[in-house]
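The values are calculated or read from the model by the stated rules, or taken from the named source; none is laboratory data. Everything quoted here is computed from the prediction, not taken from an experiment. Counting neighbours? That spans all protein chains shown, and the Cβs are built from the backbone with ideal geometry, glycine included.
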Amino acid sequence: MNTIVIVLILFIAIEHLYFLVLEMFLWTKPKGIKTFGLKSKAFAEETKVLAANQGLYNGFLSAGLTFSLLEKSFNFIIFFLVCVTIAGIYGSYSAKNIRLFYVQAVPAILALLALLFNY
């Protein structure tokens, strides 16, 4: 695996770890409210359990990518990058926010392409 692929995968893993922090710990704070464009602090409080659950899943994606890199497991890397891609596509569609596609799915697609072209 070349350096570009490793850097892309690490970037995605760190990005999802950051999503975990935003969704699990900062959702009701000004940073979380602003980042996710939430209607109000009250709305953030009402939805914080859902956000924490979502954050936990992002943490699993981060852990999976990190584990896959450490194990040098091509199949697991592909699996987790596809999971991230699908999450980004579905998230942007369901939230009606194309930015989600560019932030989550595009880096995973780029990493998949780099991995497949360099394998």
* Among the residues of segment 1-25 satisfying the criterion of being among the aromatic types (Phe, Trp, Tyr) and outside any loop (DSSP other than H, G, I, E, B), which is surrounded by the most Cβ atoms within 10 Å (Cβ to Cβ)? -> 19
* Structure fact -> Per the list (1) assigned to a helix (DSSP H, G or I); (2) modelled with pLDDT of 95 or more, residue check on residue 116 breaks on (2)
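Scan segment 1-24 residue by residue and report those that are without any contact (Cβ under 8 Å) to a residue 12 or more places away in the chain and either touching an Asp or Glu at 6+ places or on another chain (Cβ under 8 Å) or within 21 Å of residue 52 (Cβ to Cβ) (or both). So that I can check it myself, show each step before the final result.
Taking segment 1-24 first, the residues without any contact (Cβ under 8 Å) to a residue 12 or more places away in the chain are 3, 7, 18.
Hit for segment 1-24 is 18, nothing else.
Looking only at residues in segment 26-41 that are of a type in the set (Gly, Ala, Ser) and outside any helix (DSSP H, G or I), which one is nearest to residue 103 (Cα to Cα)?
Filtering segment 26-41 down to residues of a type in the set (Gly, Ala, Ser) leaves 32, 37, 40.
Filter once more, so that each one left must be outside any helix (DSSP H, G or I): 37, 40.
Working: 37: 15, 40: 24 Å.
Per the stated criteria, the residue is 37.
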* Just a yes or no: is a residue in segment 33-50 within 13 Å of the chain's Cα centre (by Cα) and either closer than 23 Å to residue 119 by Cβ or without any contact (Cβ under 8 Å) to a residue 60 or more places away in the chain (or both)? -> no
* Asked: Mind checking whether some residue in segment 49-66 is farther than 22 Å from residue 31 by Cβ, in a helix (DSSP H, G or I) and touching a Gly at 6+ places or on another chain (Cβ under 6 Å)?
  -> no
* Since residue 4 meets every condition but one in (1) at pLDDT 95 or above; (2) within 19 Å of residue 105 (Cβ to Cβ); (3) aliphatic (A, V, I, L, M), which condition does it not meet? -> (1)
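Here is a check on your reading of the model: is residue 32 surrounded by 14 or more Cβ atoms within 10 Å (Cβ to Cβ) and at pLDDT 95 or above? Lay out the reasoning, then the answer.
On the way: surrounded by 14 or more Cβ atoms within 10 Å (Cβ to Cβ): yes; at pLDDT 95 or above: yes.
So residue 32 fits the description; yes.
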* For segment 87-119, what are the residues that are under 18 Å from residue 20 (Cβ atoms), among the aliphatic types (A, V, I, L, M) and out of contact with any Gly (no Cβ under 9 Å at 6 or more places or on another chain)? -> 87, 95
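Residue by residue through segment 69-82, note down the ones that are without any contact (Cβ under 8 Å) to a residue 24 or more places away in the chain and either surrounded by 15 or more Cβ atoms within 10 Å (Cβ to Cβ) or part of a helix (DSSP H, G or I) (or both).
Once the filter is applied, which keeps residues that are without any contact (Cβ under 8 Å) to a residue 24 or more places away in the chain and either surrounded by 15 or more Cβ atoms within 10 Å (Cβ to Cβ) or part of a helix (DSSP H, G or I) (or both), segment 69-82 yields 70, 71, 75, 76, 79, 80.
Kindly check whether there is at least one residue in segment 83-90 that is surrounded by fewer than 17 Cβ atoms within 10 Å (Cβ to Cβ), without any contact (Cβ under 8 Å) to a residue 40 or more places away in the chain, assigned to a helix (DSSP H, G or I) and of a type in the set (S, T, N, Q). Steps first, please.
Initial filter on segment 83-90 (surrounded by fewer than 17 Cβ atoms within 10 Å (Cβ to Cβ)): 83, 86, 89-90.
Okay, now just the ones that are also without any contact (Cβ under 8 Å) to a residue 40 or more places away in the chain, so 83, 86, 89-90.
Filter again for assigned to a helix (DSSP H, G or I), leaving 83, 86, 89-90.
If we keep only those that are of a type in the set (S, T, N, Q) as well, we get none.
The answer is no, given that none of the residues of segment 83-90 is surrounded by fewer than 17 Cβ atoms within 10 Å (Cβ to Cβ), without any contact (Cβ under 8 Å) to a residue 40 or more places away in the chain, assigned to a helix (DSSP H, G or I) and of a type in the set (S, T, N, Q).
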